[in-house]
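Every number here is computed from the coordinates shown, using simple stated rules; none is lab data. These figures come from a predicted structure and were not determined experimentally.
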Amino acid sequence: MKRNERFLMKQSGLQLKIHSLYEYDETAQSFMTQFKYQEDWLLAGCFRKEVRQLLQLHKSKAVIVPIPQAERSKHFFNQTEALLNETKMSYEPILMTNSAKRQARKTRINRLTATDEFECIRTCSRTQALLFDDVCTTGATLYRARRCLLKQGIEVIGACVLFRVKK
């Protein structure tokens, strides 16, 4: 278990299984820069098959980790929604964050100690959910999203991400 996850698990008292397709290396970083920040939404289809297979393993409806509302109004699309739309699998956009900025703009310490929270903006149709996000660096965002869903009585069976930092 990674140091960040041990810290987050100690804080929350619960472990979250995080499954990733690929390591977040220089190639992945270049891909995400073009996809996410240069808004090359056609790249969402690059991992269609792999994301679909990963999500099908868990047989639960995915809940996407949202981008901050301020960021959403500036950008053409939400990258996690775009990735899932390509799979043709259903998901539920039930979370909203009050964070003022994207996680990518925060330091490791800021991510781990952030107090920004998620809120449920609608009810989930299931009692179990699988979190889905594009990149996992510390896991803090996933743990906070999980905490919000648990407060709503939704069991989070794990999280799936496209890329994950290996440390």
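Worth a mention:
- Whether the stretch 16-55 is rounded, prolate or oblate, judged on the alpha carbon gyration tensor where a/c under 1.5 counts as rounded: oblate
- Excluding same-chain neighbours fewer than eight residues apart, the aspartates and glutamates reachable from K166 by a Cα-Cα span under 18 Å are E5, E23, D25, E26, D133, D134.
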